[in-house]
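Novice: I am attaching a structure below and will ask some questions about it afterwards.
Readers should treat all values here as calculations from the given coordinates under stated rules, not as data from a laboratory. All values derive from a computational prediction rather than experimental measurement. Every residue, glycine among them, receives a Cβ derived from its backbone with ideal geometry; neighbour counts consider all protein chains shown.
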Amino acid sequence: MENNVFEQMAKRYDTEERIELAKVIVKEVRQELQNSKSSSLLDYGSGTGLVSLELADVVDSILLVDSSRQMLEVAEAKISHKGIANSKVLYSDFTQETPEMKADIILLSLVLLHIPDTEKILQELYNTLHDGGKLIIVDFDKNDNVNHPKVHNGFSHEGLKNSLSEVGFTSIKMKTFHHGERIFMHQDASMFISTSIKK
Ligand SMILES: C[S@@+](CC[C@H](N)C(=O)[O-])C[C@H]1O[C@@H](n2cnc3c(N)ncnc32)[C@H](O)[C@@H]1O
């Protein structure tokens, strides 16, 4: 399974480059979480929590979900080491089975590119949101220099907007917010943030 890649890299995932990139993402996502103090955040594909564990102060609770147990072990160690009281982890893969739960906000940071069936996962996440809930996606813009059999080479804004809208999301917004050198499979690339609302 592709996730084995993440199992193998969990203990060495937090490199200086990934931490720097996560800081850029945190800054952007934080702006989307104004007035979310009473909201539950589900960080889908949380990895080691590089992004969401920096956002624990602006939401009510965080559930870090990942299909790699080892990534979650690293996240759990951070939660206990830093004494973050409102965050916990859950091992799950919604592409296989989606647990019965609801969240006010779902975040996917650099995860959608790893999931082959985009519309299926968007549908599962839609079902998991409360009515009026918000989906925040951070990922790479479509990049023709990237070519990997198991990874989407980014997303076009138009294509992803169509997929979100097909699933039922409304108020879809998308913007490119960062350009960086060698940040996407060693290629120069740009990242977008998308927000949309469950009707
Ligand atoms: C590139 S990492 C991003 C980690 C984190 N969101 C961040 O921005 O630092 C992708 C993560 O998605 C997880 N992942 C991949 N496919 C998944 C799936 N189907 N369900 C849940 N998590 C998945 C991987 O295990 C990995 O931890």
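Novice: Remind me, what semi-axes does the chain give for its equivalent ellipsoid, largest first in whole Å, using sqrt of 5 times each Cα gyration tensor eigenvalue?
Specialist: They are 22, 21, 17 Å, listed largest first.
Novice: Taking loop as defined by DSSP and a crowding limit of 13 other beta carbons within 10 Å, which trypsin sites (Lys or Arg not before Pro) in region 143-190 fit?
Specialist: Details: sites: 150, 161, 173, 175, 182; in loops: 150.
Those that pass, being in a loop and sparsely packed, are 150.
Novice: While we're on this one: Calculate, in nm to one decimal, what residue 18 and residue 100 gain on full extension: separation in residues at 0.36 nm each, minus their alpha carbon distance. List each step's numbers first, then the result.
Specialist: Details: separation 82, 0.36 × 82 = 29.52 nm, distance 3.18 nm.
Result for the pair: 26.3 nm of gain on full extension.
Novice: Would you mind telling me which residue in 81, 179, 130 has the biggest mean-square fluctuation in a Gaussian network model of the chain, where springs connect alpha carbons within a distance under 10 angstrom?
Specialist: 81
Novice: May I ask you to compute the full-extension gain from residue 177 to residue 8, defined as 0.36 nm times their residue separation minus their alpha-carbon distance, rounded to one decimal in nm?
Specialist: Value of the extension gain: 57.8 nm.
Novice: In whole Hz, with x marking every Gly and Pro, tabulate ³J(HN,Hα) for region 85-102 from phi via Karplus 6.51 cos²θ - 1.76 cosθ + 1.60, θ = phi - 60°.
Specialist: For region 85-102, the Karplus curve yields 7, 9, 10, 9, 10, 9, 7, 6, 10, 5, 6, 9, 7, 9, x, 6, 6, 9 Hz.
Novice: Let me ask something else about it. Can you classify region 1-108 as rounded, prolate or oblate using the Cα gyration tensor, where a ≥ b ≥ c are the square roots of its eigenvalues, rounded means a/c under 1.5, and otherwise it's prolate if a/b beats b/c and oblate if not?
Specialist: Since a/c reaches 1.5 but b/c is at least a/b, the shape of region 1-108 is classed as oblate.
Novice: Whats the longest run of the chain with zero GluC sites (Glu not before Pro) that are DSSP loop and have at most 11 other Cβ atoms within 10 Å?
Specialist: My reading of the result: 101-199 is the longest stretch.
Novice: Please identify every one of the trypsin sites (Lys or Arg not before Pro) in region 16-97 that sits in a loop by DSSP and has no more than 13 other beta carbons within 10 Å of its own beta carbon.
Specialist: Counting only loop positions with at most 13 other Cβ atoms within 10 Å, the trypsin sites (Lys or Arg not before Pro) in region 16-97 are 37.
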